[in-house]
Amino acid sequence: MASKEGLQAARARGGNTRQLVHELLRTQIINLELEPGTALSENDLAAELSVSRTPVRESLILLTDEGLVDVYPQMGTFVARIKFSDIASAQFIREALEMAALREAVTRVTDRDVTDLRALLSAQRDAEGRADTEAFFQLDEEFHARLMAVSGHGDAWRVVGQAKAQLDRARRLSLPLTQQLHLLIRQHTDVVDRLEDRNLKRAEEALRRHLRLVLSDVEKIRARHPELFSEDDVPVRPRRETRRSPAQPR
């Protein structure tokens, strides 16, 4: 539901408008459809989404609480730039939960689990062959959610998803890096191989190495897109300009 059409269809089915608007804007920020520094106008968003200003205002408040939106007095509301401290905190939460789940998954994994995970690996290779980073990102999410489900704590993935919004923005920027998809698939495969062997030590090493990859890529990402980042605790004067994706020519 990452579009106006999806939002309207969900509203027609009785969905809560504020929740739907929040979900849509959050997804667009994480997907970088609304890139860091972009001005957000209540009036413009309400008109664009064909909703009243109230659900938009409430959604922006929630997004501010999540650190995805900044409000500057006398200037307006803007998509927040990415801070390394936010990435590091999200990574800490994600790693703690996924590593804890993996320790239980090693004792519970079944042949069906391995088959499902390898099917996702095959789909990821297909996405790599098409150079389809959007499909790969979604398959990556499915892989990690399925891996957590093996532990018997699949519902905990929602907690991971809520915590890693800032991390996901950096992850999306890292995917176009040279050979990144191939490396991620190789790391995923290593995790599944070690899980199938029920080798906890090697599985933990493989998963931890994989989860920390984005941290090593942050400086490369910042060099490519310095305008999307801010130093921790250093305010950056926001800019007002037409929305565009980082993938578009500048």
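Can you name the residue in region 124-144 that is open to solvent by 30 Å² or more (accessible area, probe 1.4 Å) and under 19 Å from the mean Cα position of the chain (by Cα) and is also farthest from residue 101 (Cα to Cα) among such residues? This residue is 131. Would you mind stating whether residue 40 is over 29 Å from residue 144 (Cβ atoms), surrounded by 15 or more Cβ atoms within 10 Å (Cβ to Cβ) and either modelled with pLDDT of 95 or more or in contact with a Cys (Cβ under 6 Å, 6 or more places away or on another chain) (or both)? So residue 40 passes the test.
For region 53-61, the criterion of a residue being at pLDDT below 90 and open to solvent by 10 Å² or more (accessible area, probe 1.4 Å) is satisfied by no position.
For region 167-183, a residue qualifies if it is without any contact (Cβ under 8 Å) to a residue 60 or more places away in the chain, hydrophobic (A, V, I, L, M, F, W, C) and either in contact with an Asp or Glu (Cβ under 7 Å, 6 or more places away or on another chain) or in a helix (DSSP H, G or I) (or both), and the qualifying residues are 177, 181, 183.
Conditions (1) open to solvent by less than 50 Å² (accessible area, probe 1.4 Å); (2) modelled with pLDDT of 85 or more, marked per residue:
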position: 163; (1), (2): yes, yes
position: 169; (1), (2): yes, yes
position: 172; (1), (2): yes, yes
position: 192; (1), (2): yes, yes
position: 196; (1), (2): no, yes
position: 203; (1), (2): yes, yes
position: 211; (1), (2): yes, yes
position: 228; (1), (2): yes, yes
position: 241; (1), (2): no, no
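Among residues of region 151-161 being part of a helix (DSSP H, G or I) and either of a type in the set (Ser, Thr, Tyr) or open to solvent by 10 Å² or more (accessible area, probe 1.4 Å) (or both), the one that is nearest to residue 79 (Cα to Cα) is 161.
Within region 90-113, restricting attention to residues that are modelled with pLDDT of 95 or more, farther than 16 Å from residue 145 by Cβ and open to solvent by less than 60 Å² (accessible area, probe 1.4 Å), which residue is nearest to the chain's Cα centre (by Cα)? Among those that are modelled with pLDDT of 95 or more, farther than 16 Å from residue 145 by Cβ and open to solvent by less than 60 Å² (accessible area, probe 1.4 Å), it is 96.
Contact annotation: residue pairs with Cβ atoms under 8 Å, 6 or more positions apart or on different chains, pairing a residue in region 215-231 that is under 12 Å from residue 169 (Cα atoms) with a partner that is open to solvent by 50 Å² or more (accessible area, probe 1.4 Å) and not hydroxyl-bearing (Ser, Thr, Tyr), are 218/84; 229/83; 229/84. For region 174-190, the candidate set comprises residues that are within 18 Å of the chain's Cα centre (by Cα) and open to solvent by less than 80 Å² (accessible area, probe 1.4 Å); within that set, the residue that is farthest from residue 225 (Cα to Cα) is 188.
Beta carbons closer than 7 Å, at least 6 apart along the sequence or on distinct chains, pair a first residue in region 52-73 that is outside any strand (DSSP E or B) with a second that is small (Gly, Ala, Ser) for 52/46; 53/46; 56/46; 66/165; 67/80; 68/80; 68/165.
Considered as a group, the residues in region 74-89 that are within 19 Å of residue 25 (Cβ to Cβ) and under 16 Å from the mean Cα position of the chain (by Cα) include one that is most open to solvent (accessible area, probe 1.4 Å), and that residue is 86.
The values are calculated or read from the model by the stated rules, or taken from the named source; none is laboratory data. Predicted, not measured: the structure shown is a model, and the values here were computed from it. Cβ atoms come from the backbone with ideal geometry, glycine included; neighbour counts cover every protein chain shown. These area figures cover heavy atoms from the full protein model, side chains too; ligands, DNA and RNA do not enter into them. Shrake-Rupley method; radii C 1.70, N 1.55, O 1.52, S 1.80 Å.
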